[in-house]
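Worksheet for the structure shown next.
No lab work stands behind these numbers, since they all come straight from the coordinates. Note that the coordinates shown come from a computational prediction; the quantities given were computed from them, not determined experimentally. Here Cβ is always computed from backbone atoms with ideal geometry, including for glycine, and neighbour counts include all displayed protein chains.
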Amino acid sequence: MAINENVAKALEDQINKELYSAYLYLTFADYYEDRGLKGFANWYMIQVQEETDHAKALRRYLLDNDYKPTMEAIAKPDKTFANDLEPLEEGLAHEEYVTSLIHHCYEVAQEAHDIRAMQMLDWFVK
């Protein structure tokens, strides 16, 4: 059974969003490195790895379903910070945004009655 085109496109777009998240969190890690806050920098580097793992999992799912994802350009993060709390606040806001994107992917899969995609996305939702 071929993957639904709408589901594939939503997941393909999500790969880009996950990789952008990794780029964004790298800039947060760099901010904290510059401030000498190595623990915060390390925490964001862990987040970078998590986001790239998400992108790889979505890519693998598409490939396993005979869909070759197209890698799009990743936007350059443009955040600047006035204090040490702002990257954390931005990180929370971004995580809430990415969660909404995962929910959108789930809704697309649900509309397509793609139970396998919904089951795969359950891992992200949980």
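Kindly indicate which of LYS76, LYS68 is farther than 30 Å from MET1 by Cβ, in contact with a helix residue (DSSP H, G or I) (Cβ under 8 Å, 6 or more places away or on another chain) and surrounded by fewer than 13 Cβ atoms within 10 Å (Cβ to Cβ). Lay out the reasoning, then the answer.
On the way: LYS68 fails: farther than 30 Å from MET1 by Cβ.
The unique qualifying residue is LYS76.
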Kindly indicate whether GLU33 is under 17 Å from VAL98 (Cα atoms) and in a helix (DSSP H, G or I). no
Considering TYR61, TYR31, which residue is aromatic (Phe, Trp, Tyr), in contact (Cβ under 8 Å) with a residue 12 or more places away in the chain, under 13 Å from GLN14 (Cβ atoms) and surrounded by 14 or more Cβ atoms within 10 Å (Cβ to Cβ)? TYR61
Given region 37-126, what helices (runs of 4 or more DSSP H) lie entirely inside it while holding 1 or more residues that are basic (Lys, Arg)? 38-64, 115-125
